[in-house]
Structure formats: C-alpha cells, structure tokens
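Everything below concerns the one structure shown next.
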Amino acid sequence: MRFLLTDEQRAFAASLDALLTAAGTPSVARAWGAGEHTAGRALWSRLAEAGVFAPAVPETYEGMGPLPVELAVAFVELGRHAVPGPVVETVLAAALLAGVPEHAARLLPSLVSGKVMATVGGAYALDGDVAEVVLVLADGQVRLAPGCRPVVRPSLDPARRLAVPLPGGELLCSAVPPGALDWARLATAAQALGVGLALLDRTVGYVRQRVQFGVPVGSFQAVKHRLADAAIALEFARPLLFGAALSMTPADIAAAKVAACEAAYTTARTALQLHGAIGYTAEYDLSLWLTKARVLRGVWGTPAECRAAVLSGRRPGP
C-alpha cells in the first residue's frame, strides 16, 4: 500500500506546526508540569479552534468525525512539539461518550470547542486535577467521577500529572463501547511517532554542531549508523500508523502502536547517547521528549498487550 496525505491534510499539519512553533511549547510544558495551567489552557483553546479534537467527534455533536487519518495527522504534530495535557484522553473520552447518545449531546460539543477538558483513567487519571470531565473505567463500566483528589502523583514525564479520581459518580454505561480504546491507541501511536521525529531532528542538528577531534561528531560512521537505524524505524512506523487509521481494525492499530512507540523509544535512547552528558539534564529541552517517549510506550496498551492483540487478530493459515 502506498499512502500519501492529501493537500488538505498536509495543510492541516503545516498549520498546526506553525501554531505550536509560535506557542513555544517547551515552556508551556514546563509550566504545566509545575501546576501552572494558564498558558496550557490557552494553547488548548487554540488547538481546539484549529480542529484537533473535532475528527474524533461525530458531526451530530458539532465535530467532523469520525476522521481517524486527520486525527493521526494532528497527533503527530502534538508529539513533535511535546504538547502537554490529556490530549489522548480527551479523544478517548469523546469515543466513549459518542457511544452513549443520551450523554454525548450534553458533553461532546464542549470537548470539541475546547471549553471543557476531559480525561480518562482508573486508579489514576492524567491531569485529573485540571480536567472538568473525569471518566473512570472500572469493572467494565464507564463512570463520570465527581472530581479528583488534590493530591497529584508524580510521573516519569514531568508534564504528566496523575490525580486520584473520587469514588462514586454517575454511571454512563455498563460496558465500554466497542472500538473506543482503539482511538486512544491510535492517538498515542501518532503522538509517539511525532515524539520520535522531534528527537531525531534535534539529535541530527546537535551532532552537526558538536565538534570532536576537529570535526563534527555527525561525520563519524558509528553516529551515522545509530541515526540511520532510528530514521528507518520511524519511517517503517509511519505507514503502519496511517494504514491503521484507514482500516481502524484493532490488530492494525495495535501493530501501529508497537511500531511507533518502539521506534520513538529507540530514537530516545540514541538521542540520549549522542547528546552525551547534556542529554541527562532536566533543564535541557530534549528531556521533554525523552521522558514522553518512555511513558507513551506503556500507556493504553503495553508492547506485550499490543503484540498479543496483533497475534489474536491474525487470520488462520501460514
């Protein structure tokens, strides 16, 4: 299969890239991790206005969806710019609510417009301390939690803040709507691919500037091989991601998540090694993508879980 984005999809990606570049997302992410949400909420509103969440919401509820390819295009850019906040969880919340019409009309238009931020969790909920809508998945049910405790649990990724949902709340549905979790995996895979691409770009730029023995370290064959391996892994993940967005089958989406997250993680390890000691410094912006690559690898489906989903989705035969 040869997959090419349309002119409209490329323009969508370019507009998001310009918006996020101008927003200075590294400083926004650092402020978000420190519990200062003003800049992050302002960016959230601009992203919603640009149509980031609309592809996950049906037109009936003021969205544009379902448009999984456009969603993947958007989330690659969110990953490239290390956008903080429960972006994947808002997409999952939209998918969960879309399967419950009596609640969808009440909540989805606000998610599309960015007026309301949503998150989804179990024992912990990402950014539950700031999200207005907190959905809890437990015992196969979906509940609307009355809020979260003010205590925030630290994460490996400083921009990911984990809060504890309050017990009880309104029962939205007694079973998770089919296919809802696939949207979370697809968005996570796209975000991971963007994270990997950003890490590769930053590392290539760094090794061109850093000089050792009188020459740029990027001229060393061993460095070139490491970067080539990372680039190949990311480019192999790209068609799997967009192929999965076209088919929206669980096995394809699981395969895309494994490929994209493992490629991002491989690139993160390469970036860390080639940056040397400065790569370990939390104050250096590279750390925003390094930690995110590690965390995305395990959320909404570990590598083992996704590989099992791929195997279970195979047709019988050799």
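The values are calculated or read from the model by the stated rules, or taken from the named source; none is laboratory data. Note that the structure is predicted; figures quoted are calculated from it, not measured. Here the Cβ positions follow ideal geometry from the backbone for every residue, glycine too, while neighbour counts run over all protein chains shown.
Out of Ala180, Ala159, Ala175, Ala222, report the one residue that is over 18 Å from the mean Cα position of the chain (by Cα), within 20 Å of Val91 (Cα to Cα) and at pLDDT below 95.
Ala175
Going by what's in this entry, would Leu71 be described as modelled with pLDDT of 95 or more and more than 17 Å from Val195 (Cβ to Cβ)?
When the stated conditions are applied, Leu71 does not pass them.
Among the candidates Glu36, Glu62, which residue alone is assigned by TED's automatic domain parsing to the domain that holds Val88 and either polar (S, T, N, Q) or at positive phi (or both)?
Of the residues listed, the single one that is assigned by TED's automatic domain parsing to the domain that holds Val88 and either polar (S, T, N, Q) or at positive phi (or both) is Glu62.
Return the residues of the range 146-175 that are surrounded by 11 or more Cβ atoms within 10 Å (Cβ to Cβ), among the hydrophobic types (A, V, I, L, M, F, W, C) and over 14 Å from His103 (Cα atoms); say none if nothing qualifies.
Correct list: Cys148, Val152, Leu156, Ala159, Leu162, Ala163, Val164, Leu166.
Looking only at residues that are part of a helix (DSSP H, G or I) and polar (S, T, N, Q) in the range 206-234, which one is surrounded by the fewest Cβ atoms within 10 Å (Cβ to Cβ)?
Gln221
Somewhere in the range 249-268, is a residue surrounded by fewer than 16 Cβ atoms within 10 Å (Cβ to Cβ), over 15 Å from the mean Cα position of the chain (by Cα), over 17 Å from Thr302 (Cα atoms) and hydroxyl-bearing (Ser, Thr, Tyr)?
Checking the range 249-268: at least one residue is surrounded by fewer than 16 Cβ atoms within 10 Å (Cβ to Cβ), over 15 Å from the mean Cα position of the chain (by Cα), over 17 Å from Thr302 (Cα atoms) and hydroxyl-bearing (Ser, Thr, Tyr).
Which pairs have Cβ atoms under 9 Å, sit 6 or more apart or on different chains, and link a residue in the range 65-92 that is closer than 17 Å to Ala263 by Cα to one that is surrounded by fewer than 24 Cβ atoms within 10 Å (Cβ to Cβ) and basic (Lys, Arg)?
Matching pairs, first to second residue: Val76/Arg238.
For the range 227-280, which residues satisfy the criterion of being polar (S, T, N, Q) and either touching a Pro at 6+ places or on another chain (Cβ under 7 Å) or without any contact (Cβ under 8 Å) to a residue 24 or more places away in the chain (or both)?
Passing the criteria: only Ser247.
Would you check if there is a residue in the range 242-250 being in a loop (DSSP other than H, G, I, E, B) and over 18 Å from Leu156 (Cα atoms)?
For the range 242-250, residues in a loop (DSSP other than H, G, I, E, B) and over 18 Å from Leu156 (Cα atoms): present.
How about the range 2-111: which helices (runs of 4 or more DSSP H) wholly inside it have at least 2 residues that are surrounded by fewer than 17 Cβ atoms within 10 Å (Cβ to Cβ)?
Passing ranges, in order: 7-23, 25-33, 38-50.
Enumerate the pairs (first residue in the range 167-179 and farther than 8 Å from Pro146 by Cβ; second residue anywhere and charged (D, E, K, R)) with beta-carbon separation below 8 Å, excluding pairs fewer than 6 apart on the same chain, so at least 6 apart or on different chains.
Close Cβ pairs satisfying both conditions: Glu170/Arg143; Leu171/Arg143; Leu172/Arg143.
Take the residues of the range 1-38 that are in contact with a Pro (Cβ under 9 Å, 6 or more places away or on another chain) and over 26 Å from Pro154 (Cα atoms): which is modelled with the lowest pLDDT?
Met1
Test Thr188 against the criterion of being in the same structural domain as Ala260 (by TED's automatic domain parsing), in contact with a His (Cβ under 9 Å, 6 or more places away or on another chain) and of a type outside the set (Gly, Ala, Ser), and give yes or no.
Here the answer is no, as Thr188 does not meet what is asked.
Give me a count of the residues in the range 130-157 that are farther than 21 Å from Ala39 by Cα and among the small types (Gly, Ala, Ser).
So the count comes out to 4.
Looking only at the range 25-54, count every residue that is closer than 23 Å to Leu286 by Cβ and more than 18 Å from the chain's Cα centre (by Cα) and tell me the total.
Residues meeting the conditions: 6.
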